[in-house]
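To start, the structure under review is shown below, and the notes come after it.
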Amino acid sequence: MSIFVGKRKAMKRILTILIIAMLGAQANAFRVVVENLSTQPRNDHPVVIDIKKFANATTALVTCGSAEVPCQLDDLNQDGSYDELCFLADLGPKERKEYEVDLTGNGGPRLYPARVYTEMVMRNDKVKEKNKQNNYVESITARGDCANSYNLLHHHGVCFESELNGIRIYFDKRQTLDLYGKFNKGLELQATQFYTSDEQKKEGYGDDVLWVGNTFGLGAMRGLDAKTNLPAMIEPVKSRTQRIISYGPLRTIVEVIDKGWQSDSLSEPVDMTIRYTQYAGHRDTDIDVFFSHDRMTNTFSTGIINVKGSTEYSNKKGTRACWGTDYPSTDHEKWKPETVGLAIYIPNQYIVKEFAADNDNYGFAVRHDDKHIHYKVAYCSANESFGFHSAQEWFDWVKVWGEEQPKIRVSIAVEKE
């Protein structure tokens, strides 16, 4: 769950803890008080602080009492200066903690063990193993007339993971989120690259667990055909980009940028940036969609795939989930059926309509608010030793997950020296 201390009103709607930051007018050290307002415990709860005013900060130290707390600095707009400080808080029900933050301009970011991973890699013709490709890239842009962007990148797009999940985003008009299921908690994608070998499977590594086709998969953003109410693919575009903004160690941030997207579903061409943020210790992923125009005539769509034979949960307020079993590939000889639970949470202010399930999706019509849409997605695999193994268990978790999202209280107090 994201915690942004700043002026981004849309992000304030998803906070579940109270942050009071005592900021000196010119000082680079300040105190952050974090209070869990919920009766539910909070583990690895993100605290994200806007630090643009500290333009020269290059390193940060966060402490709670005498203990150092891992943190990271991120340059979101890639201008060479850090924009945000992030650390993770563990709080019991109604618990309150105080953190000291010290920002300096000496040296680089402090190093902490990686709890997330992300990569983009192109195929190396000299490397035959599918899980040992090493042509790493940080950004790739395909022109709109690119014949086959889907096959430009190994594993067909950028991938990222926490200890609990693993996701890749297809680099084509679908921009679908495809899923990696784990047996055990840990980081695996650097080793398997979404193509787990037979030897790795014997060692307990996970693998692809979802067939997505042309569906939403897990929460892909699409247009909406006004005549049919069917999702519209992200085409044509002038260019399509995937890039990595942050590698961790506490959160990965990747972006998909569609320039000059024009469609019968749009009133005029638009640029769209979709930002995916994956926090350590989380099976849910934050999705923020930014548009170049603040024109409310455009309606978009998102949702989750209607997994074969799945059962559905919906609270009719933006939280929706399913549990079902299907083959993750059309090759039924080499793959076994996989059981997954999928979920999406969309704040009410973005929802135009919740559609009845069809053969492909459990879908929503959505509209942006001030050029922005924020929502979350989550999933589990029944293979997990640490997760859920029935629809009821999954839906019970989803209910709490959805109910906790709207609990918002943010207060910022500034003290001048």
Is there a quick way to get the dipole size of the chain? I mean about its Cα centre, with the Cβ of Lys and Arg at +1 and of Asp and Glu at -1; what is the value in debye to the nearest 20? 600
What's the ranking of 215-226, 84-95, 120-131 by average number of surrounding C-beta atoms within 10 Å, highest first? 215-226, 84-95, 120-131
Can you give me the relative contact order of the chain as a percent, contacts being Cα pairs under 8 Å and 6 or more apart? 17
Which FRET efficiency value, to the nearest 0.05, do you get for residue 67 and residue 399 by plugging their Cβ-Cβ distance into 1/(1 + (r/R0)^6) with R0 = 22 Å? 0.05
Give, to the nearest whole percent, the P(r) tail of the chain beyond 30 angstrom, counting all Cα pairs. 41
To the nearest 10 degrees, how steep is helix 391-404 against the longest Cα principal axis of the chain, on a 0 to 90 scale? 40
Expressed to one decimal in nm², the mean projection of the alpha carbon convex hull of region 110-191 is 6.7
So how far apart, in nm, are the two label points at residue 331 and residue 190 if each is 7 Å from Cα heading toward Cβ? 2.8
Environment charge at residue 85 (Cβ cut-off 11 Å; Lys +1, Arg +1, Asp -1, Glu -1): -4
Tell me the net charge near residue 184. Cut-off is 11 Å between Cβ atoms, residue 184 excluded, with +1 for each Lys or Arg and -1 for each Asp or Glu. -2
First compute the accessible area of the chain with a 1.4 Å probe, then give the percent of it belonging to carbon and sulfur atoms. 48
Using only alpha carbon positions, build the gyration tensor of region 261-374, then give the equivalent ellipsoid semi-axes as the square roots of 5 times its eigenvalues, largest first, whole angstrom. 28, 16, 16
For the residue 151, residue 100 Cβ pair and Förster radius 41 Å, calculated FRET efficiency rounded to 0.05 is 0.25
Highest average packing first - 260-267, 143-150, Cβ atoms within 10 Å: 260-267, 143-150
Among 175-182, 313-320, 106-113, how do they line up from the highest to the lowest mean number of other beta-carbon atoms within 10 Å? 175-182, 313-320, 106-113
How much length is gained if the chain between residue 44 and residue 367 is pulled fully straight, taking 0.36 nm per residue apart and subtracting their Cα-Cα distance, in nm to one decimal? 113.2 nm
Set of region 81-102 residues, backbone N closer than 16 Å to the point 7 Å along the Cα-Cβ line of residue 110: 85-90, 98-102
Could you pull out the pairs from 130/182; 132/202; 182/376; 308/334; 132/259 whose alpha carbons sit more than 24 Å apart here? 132/259
222 nm mean residue ellipticity, helices alone, for the chain (DSSP H n ≥ 4; -39,500 (n - 2.57); rounded to 500): -1500 deg cm²/dmol
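The values are calculated or read from the model by the stated rules, or taken from the named source; none is laboratory data. Keep in mind that this is a model prediction, so the values were computed, not measured. FYI the Cβ positions are ideal-geometry reconstructions off the backbone, even for glycines, and counts take in every protein chain you see. In case anyone asks, the SASA skips ligands and DNA or RNA and just uses the protein heavy atoms, side chains included. Shrake-Rupley method; radii C 1.70, N 1.55, O 1.52, S 1.80 Å.
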